[in-house]
Amino acid sequence: MKANCWYDKHEVRVVDVPDPKIINPHDAIVKITSTAICGSDLHLYDGFIPTMEKGDILGHEFMGEIVEVGSAVKKLKVGDRVVVPFPISCGNCFFCQKELFSLCENSNPNARLAEKLWGHSPAGLFGYSHLLGGYAGGQAEYARVPFADVGPIKVPGELTDEQVLFLSDIFPTGYMAAENCNIQPGDTIAVWGCGPVGQFSIKSAFLLGAERVVAIDRIPERLRLAREKSGAETLNCEEVNVYDALMEMTGGRGPDACIDAVGMEAHVSGVVGAYDRVKQAMMLESDRPQVLREVMMCCRNGGTISIPGVYGGFIDKIPFGSVMNRAITIKTGQTHVQRYLRPLLDRIQKGEIDPSFVVTHRMRLEDAPRGFEMFKNKEDNCIKIVLKP
Ligand code: NAD
Ligand code: ZN
Ligand code: ZN
């Protein structure tokens with residue numbers, strides 16, 4: 001089959017690889033009909049996530065048709081149309097029982113590696129380095145899905161691929177980011193980053209009852225989408241001082257909750273930006289945490305910081321005194337996608353949201369290398385690319 005594989009920093013190639021096979025009775029094989037490129041893939045592309053190996057198949061947002069099931073699979077049969085969540089979860093362990101699916105303790109065969117870096121290992125993820133299991137991803141014609149009775153959700157034929165594909169990651173991710181804000185009537189939520197995750201965080205904050213959402217980015221068309229499709233107020237962080245603007249908009253108190261939908265590759269200008277870029281390049285710091293610093297300083301006293309943005313390792317100059325003294329709550333995590341599949345599919349079916357609003361580009365799987373370049377550089381007003389194998 002054809003698959004989009006990682007070869008090096010800024011080098012991915014679509015190559016022929018062996019078809020996946022059932023290797024465990026709980027596996028299923030999916031023939032992929034749609035897959036996408038995620039902001040998390042950019043961290044791999046930019047070389048910031050360790051333990052990638054040449055030839056690793058990328059991709060963790062995919063859906064398609066079941067073409068084979070292992071002997072122990074009960075809920076799925078050949079021909080079912082499914083969306084597959086990006087965390088791989090057993091459904092039975094301590095964490096899965098608590099619906100903390102992205103922390104499954106049975107799905108990362110390389111847990112030892114993760115324990116060295118982070119103290120404990122989270123779940124394995126599709127297409128996301130050997131540190132997180134070394135699983136082949138879904139930017140391919142076929143994928144092997146472990147624990148097939150736990151992850152995939154069947155989707156009805158009347159919804160298009162683009163309406164349901166993002167149940168695999170970015171819709172639940174934005175939703176969990178908003179849910180983690182514990183939104184109360186009258187709340188103002190600020191969202192840093194208007195990429196796909198930011199867009200779904202904004203929509204979800206409104207779905208969960210926020211009165212105002214302020215969206216922050218530096219890319220005009222992403223800010224425009226946040227205004228026009230979701231009704232957010234927007235700030236261009238290259239034109240205004242974000243802290244000053246937010247204080248002005250909230251009577252000097254600060255937003256009730258702040259969402260960091262940017263993560264480890266924040267764009268920063270000036271001295272602080274140079275400091276982070278140099279330290280990250282010299283491996284003295286693994287992440288550029290400028291947005292994290294900003295959300296900490298902007299959030300109101302006693303407010304909540306929700307962090308869907310991905311961080312990899314160790315960060316510098318974090319104003320923790322601000323967090324402690326002002327009683328800030330921090331919530332974060334890779335999304336427990338399985339928990340949100342059914343309720344969010346219901347919202348799509350009821351017409352409360354049509355997730356396809358983020359799609360700006362459709363390409364063939366063969367064009368994935370061009371797609372990565374385009375998405376990274378935000379060329380041609382690119383916000384979300386769907387690949388068709
Ligand atoms: P993206 O790269 O399309 O979006 C990031 C946005 O942040 C861009 O629009 C960029 O212009 C903006 N940005 C950069 N610096 C900024 C700054 N200083 N202030 C404000 N905005 C700034 O990526 P995405 O697909 O939207 O993903 C966003 C983050 O969410 C990534 O870190 C990704 O890894 C993470 N993510 C996490 C999960 C999870 O399970 N927690 C799932 C999916 C994605
Ligand atoms: Zn993702
Ligand atoms: Zn588990």
Handout entry: Filter result for Glu65 (away from ligand 1 (no atom under 16 Å from the Cβ), in contact with a Ser or Thr (Cβ under 7 Å, 6 or more places away or on another chain) and open to solvent by 50 Å² or more (accessible area, probe 1.4 Å))
Key = yes
Practice task
Within the stretch 80-115, work out how many residues are more than 16 Å from ligand 2 (Cβ to nearest atom), open to solvent by less than 60 Å² (accessible area, probe 1.4 Å) and assigned to a loop (DSSP other than H, G, I, E, B).
Solution key: 9
Completion exercise
Wholly inside the stretch 204-321, strands (runs of 3 or more DSSP E) that include 3 or more residues that are open to solvent by less than 10 Å² (accessible area, probe 1.4 Å) are 212-217, 257-260
Fill in the blank from the handout: How many residues of the stretch 8-61 are among the aliphatic types (A, V, I, L, M) and more than 16 Å from the chain's Cα centre (by Cα)? The answer is 12
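In the stretch 322-351, what residues are part of a loop (DSSP other than H, G, I, E, B) and either away from ligand 2 (no atom under 16 Å from the Cβ) or among the aromatic types (Phe, Trp, Tyr) (or both)?
Arg326, Ala327, Ile328, Lys350, Gly351
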Fill in the blank from the handout: Of those in the stretch 127-164 that are of a type in the set (Phe, Trp, Tyr) and over 21 Å from Phe94 (Cα atoms), the residue surrounded by the most Cβ atoms within 10 Å (Cβ to Cβ) is Tyr128
Exercise for the section: Check whether at least one residue in the stretch 160-169 is in a loop (DSSP other than H, G, I, E, B) and on the phi > 0 side of the Ramachandran plot, and report yes or no. Expected result: no
Problem - Boolean, Lys331 is charged (D, E, K, R), open to solvent by 30 Å² or more (accessible area, probe 1.4 Å) and more than 20 Å from the chain's Cα centre (by Cα) - result: no
Exercise for the section: State yes or no: is Val30 in a strand (DSSP E or B) and open to solvent by less than 30 Å² (accessible area, probe 1.4 Å)? Expected result: yes
Practice task
Kindly indicate whether Lys388 is among the charged types (D, E, K, R), open to solvent by 50 Å² or more (accessible area, probe 1.4 Å) and within 23 Å of Pro156 (Cα to Cα).
Solution key: yes
Practice task
Tell me, yes or no, whether the stretch 116-123 has at least one residue that is open to solvent by 20 Å² or more (accessible area, probe 1.4 Å), within 16 Å of ligand 1 (Cβ to nearest atom) and under 20 Å from Ile32 (Cβ atoms).
Solution key: no
Exercise for the section: Name every residue in the stretch 334-343 that is touching a helix residue (DSSP H, G or I) at 6+ places or on another chain (Cβ under 8 Å) and open to solvent by 60 Å² or more (accessible area, probe 1.4 Å), in order of residue number. Expected result: Arg339
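The values are calculated or read from the model by the stated rules, or taken from the named source; none is laboratory data. Quick caveat, the model's predicted, so the values are computed rather than measured. Positions of Cβ are generated from backbone atoms using ideal geometry, with glycine treated the same way; all protein chains shown enter the neighbour counts. Surface areas here come from the heavy atoms of the whole protein model, side chains and all, with no ligands, DNA or RNA. Shrake-Rupley method; radii C 1.70, N 1.55, O 1.52, S 1.80 Å.
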